[in-house]
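Read through the structure below, which is laid out as structure tokens, and then see the notes.
The values are calculated or read from the model by the stated rules, or taken from the named source; none is laboratory data. Just so we're clear, the structure is a prediction, and the values are computed from it rather than from any experiment. Cβ atoms come from the backbone with ideal geometry, glycine included; neighbour counts cover every protein chain shown. For the accessible areas, the whole protein counts, side chains as well, though only heavy atoms, and no ligand, DNA or RNA atoms are used. Shrake-Rupley method; radii C 1.70, N 1.55, O 1.52, S 1.80 Å.
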Amino acid sequence: LLSSAFNRQQWQPQGILVEHTRCFASAAKDLPSTEDPPALRTELDFFGEPVTFIGCAPNDKIPNAMAALDGFLLAAVSKGRSSIGGGEEISVELKSAHSVSLTWSEALKFATFWNNQSHMMDRDGHDNETEEQDFSASVKAAPMLAVVAVAPVLAHAGSSYVKHLDSLLKQTKPISPGLPCVQIMDMAKCAVAQGENKALDERERMHVKTLKLLLEDKHRLALINTLKILRQCPGDAFALSLAMDLAHSLGDKQAALQAAGSVAAYWHERRGGLVRPSLPGYSMALGLIALGYAVGGRVMEAELLAENSMKQGRKVSGALATWAQAHVFDAGGRVAEGISALSNFDGIRNYEGAGLMFFDAFLGGYGARFSLDREERGRGKSAALRIYGTYFESVLEHSGFSRGQPWTQPLYKAPIAWAKPNLIATDDEEIDEGATVYESLFGQRTEKYKEARQHFEVVKQQIHLPSKRVEGWNPACEDVLTWLPPTPRFLADATLLLFRFTLNGTIGSNNSRWDDIRRAWQAYFDINKRYSDTPPAFCPLVSLSASILLPPSETGADKIGDGTLGKGLHKMGELLNFGNSPNPEETYAVRELIAESNPTFWLPNSDGTENEWQKVVRYLTAAIDGADLKESESQQSNYDVNRLRYRGWTFDSRPILEHAIVYAACKSGDIQSLSVARGICSQGVSFRPMSPEEWWRYSIVLGLLGDEVASEDAWTTSMNVGAGQGAR
């Protein structure tokens, strides 16, 4: 079943959209009265869940629409691992993004056809072309097509990002003659208008409600609604994947554990055996359940589930299982296993190709953190920095964000796919694989056929790549989706990774990469202001990460808790002068000897900023402890400690916050701050005893507190568990 689904989702014929167009054109001549019940048809998706089509015509190619839906449904759940066909003329990383764009563009095209304003009618049965469309009066509708194609990107990036994506897609060619180009927001609103349609079953209506909440950036309510879906439909793997994405954006570990636990028994009972096969997509569901268990603290069960998921279907669930393993290895400080699973070739191949919304870059960032744990501090080459360059720098550069100049129109073509598509036919002329007898005899073909059959020779020179030939180019949907602009979560991951590099001594605070990421954040917030009056609030970690470089009032970090965490991160960024150096080092080398240029980068300051560093420690510690203990009892009694404590940081970025507190304490040299750092380091070496970085930090703190013997012992332990070895 899994294999047959993959065959269905490979580059489904784009020409079938024209057959839909012709069907609609012929049906438009004799439109039914709005009082007549629309023709309904229900199909089952890959996971066996119903998909309702409203207003079906006899010659509608619904199986082709279902093939497109199944293709991206699998891509959404597997994070792109199931997608194939991408070209590799530019890089392996772009090949994965291109593969996803092929299935995603097909899903968006069919979703646009079935959820389209051109299918709207007024009450008299005439075409409604006014600005105020009656979306509920659609002749044709298939809301689940829109839910599958749009909900994952909204959960990950928010509505402002999607609106910016629409501004690029608006400049692409129509999906078929007589139909518009892909506009995600308009199509999603058409689908949302069917939310109360009784023709849909309860699960579909709940999914449409989730889509409506995501369009409004109400991710918390969308997560609650998705958890309700899982309780009623535990076999809905798409809902499980969406719940994990929403929990990840919100940093809600408990919700991820709740989602995994609510469906674990259902999938275990249908795991199959020697005679009876397991349910389709069992390995992917198992990987998602393992992830929920891992982030929720059930690491022993999660590790077994992740290993089983990898064995059941490495080619589709490898990325999900690797994500779960990353949490398992990080929780126990198992750095060597983390490097093997996420930094070295034997592990990278498990998530290579997971190009949905830069998911491979996200896991690559995890691998960089594991690699950084064992590298020499402040000297030597950095394998982790090479990973950053591969996954993050290239995206910031080609998108224009590193220069503060994001694209306003598509600039690059997608690579040539090795999977050959069927061509789109027009109303007056159709291009077929075969030729007529006349053409076979005399070899005459139309210009459109010759253009479609044009082949390029892929050469090594970058300027001659087919994707660089844009003269007279009419961009398509897959061109935009291949070269996606960086998402806010992508920028957050890049910022936190640079933050870790700087505190670790891999790069200096005046490195030009900080100037690039500052310009990228400014470009993103300029885009957000274009479509929203308020800073993004759907992902707290985005606001907090950006506050390292920009004021919390601009990023929205002042609204998270009582604002102290954002204030502390921003002050730390100001003290280190991130992205504001008057003479930034114009270098992107992987070798930067911080130990020689700034040997005291982890020792107390003597330039009068000690009190400022003490404030940083107090602000950041509030993210762990809650209320500020220095406040009077009368004031403290009014505090909501749960509101002050931002727990979401621990979903993915716990080591970075702890590292920042210890670094700030060492720079302050204050006994009280160093005592806080010693407590954090004590937790680190107790919970993650095999982490060289934990012991290295502990040795520095103990040395500053005057305990020389214990400091030397901690340093020796750090070397014994692998410090300085790095990754291959």
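Let's see how each residue does on (1) within 21 Å of the chain's Cα centre (by Cα); (2) surrounded by fewer than 24 Cβ atoms within 10 Å (Cβ to Cβ); (3) assigned to a loop (DSSP other than H, G, I, E, B); (4) on the phi > 0 side of the Ramachandran plot:
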position: ALA326; (1), (2), (3), (4): yes, no, no, no
position: ASP330; (1), (2), (3), (4): yes, yes, no, no
position: GLU337; (1), (2), (3), (4): no, yes, no, no
position: SER340; (1), (2), (3), (4): no, yes, no, no
position: GLY347; (1), (2), (3), (4): yes, yes, no, no
position: ALA354; (1), (2), (3), (4): yes, no, yes, no
position: ASP360; (1), (2), (3), (4): yes, no, no, no
position: GLY367; (1), (2), (3), (4): yes, no, no, no
position: PHE370; (1), (2), (3), (4): yes, no, no, no
Inset, instruction - Go through region 304-321 and give me each residue that's under 20 Å from ALA247 (Cα atoms) and either modelled with pLDDT of 95 or more or of a type in the set (A, V, I, L, M, F, W, C) (or both). - result: LEU305, ALA306, ALA319, LEU320, ALA321
Legend entry - Hits in region 289-317 - residues which are surrounded by 24 or more Cβ atoms within 10 Å (Cβ to Cβ), farther than 25 Å from MET690 by Cα and either more than 22 Å from the chain's Cα centre (by Cα) or not β-branched (Val, Ile, Thr) (or both): SER309, SER317
Inset, instruction - With the checklist (1) at pLDDT 80 or above; (2) in contact with a Ser or Thr (Cβ under 6 Å, 6 or more places away or on another chain) in hand, flag the one item THR112 doesn't pass. - result: (2)
Inset, instruction - Among the residues of region 129-155, count how many are modelled with pLDDT under 95, in contact with a helix residue (DSSP H, G or I) (Cβ under 7 Å, 6 or more places away or on another chain) and either surrounded by fewer than 24 Cβ atoms within 10 Å (Cβ to Cβ) or of a type in the set (Val, Ile, Thr) (or both). - result: 3
Legend entry - ILE184, sole failed condition from (1) surrounded by fewer than 20 Cβ atoms within 10 Å (Cβ to Cβ); (2) within 25 Å of PHE53 (Cβ to Cβ); (3) touching a residue at least 40 places away in the same chain (Cβ under 8 Å): (1)
Legend entry - Matching residues, region 538-567, being touching a helix residue (DSSP H, G or I) at 6+ places or on another chain (Cβ under 7 Å) and either among the basic types (Lys, Arg) or in contact (Cβ under 8 Å) with a residue 60 or more places away in the chain (or both): PHE538, CYS539, PRO540, LEU541, LEU544, ILE560, GLY561, ASP562, THR564, LEU565, LYS567
Inset, instruction - Output the number of residues of region 225-281 satisfying the condition of being of a type in the set (Val, Ile, Thr), open to solvent by less than 40 Å² (accessible area, probe 1.4 Å) and over 21 Å from the mean Cα position of the chain (by Cα). - result: 2
Legend entry - All positions within region 504-523 that are surrounded by fewer than 24 Cβ atoms within 10 Å (Cβ to Cβ) and part of a helix (DSSP H, G or I): SER512, ASP515, ASP516, ARG518, ARG519, GLN522, ALA523
Inset, instruction - Test ARG203 against the criterion of being surrounded by fewer than 18 Cβ atoms within 10 Å (Cβ to Cβ), at pLDDT below 90 and not acidic (Asp, Glu), and give yes or no. - result: no
Legend entry - Residue within region 207-221 that is more than 25 Å from PHE113 (Cβ to Cβ), more than 25 Å from the chain's Cα centre (by Cα) and not aromatic (Phe, Trp, Tyr) present: no
Inset, instruction - Can you confirm whether region 390-404 contains a residue that is open to solvent by 10 Å² or more (accessible area, probe 1.4 Å), in contact with a Lys or Arg (Cβ under 9 Å, 6 or more places away or on another chain) and not acidic (Asp, Glu)? - result: yes
Inset, instruction - Taking GLU196 as meeting all but one of (1) assigned to a helix (DSSP H, G or I); (2) of a type in the set (Asp, Glu); (3) open to solvent by 10 Å² or more (accessible area, probe 1.4 Å), write down the number of the exception. - result: (1)
Legend entry - Selection count where residues are outside any helix (DSSP H, G or I), within 30 Å of LEU291 (Cβ to Cβ) and of a type in the set (D, E, K, R), scope region 46-82: 3
Inset, instruction - Return the pairs, sorted by first residue and then second, in which the second residue is aliphatic (A, V, I, L, M) and modelled with pLDDT under 70, the first residue lies in region 636-663 and is under 11 Å from ILE624 (Cα atoms) and part of a helix (DSSP H, G or I), the beta carbons are less than 6 Å apart, and the residues are 6+ apart or on different chains. - result: VAL641/ALA627; LEU644/ALA627
Legend entry - Those residues of region 24-47 which are under 28 Å from GLU478 (Cα atoms) and either crowded, with 17+ Cβ neighbours inside 10 Å or at pLDDT 90 or above (or both), in sequence order: PHE24, GLU43, LEU44, ASP45, PHE46, PHE47
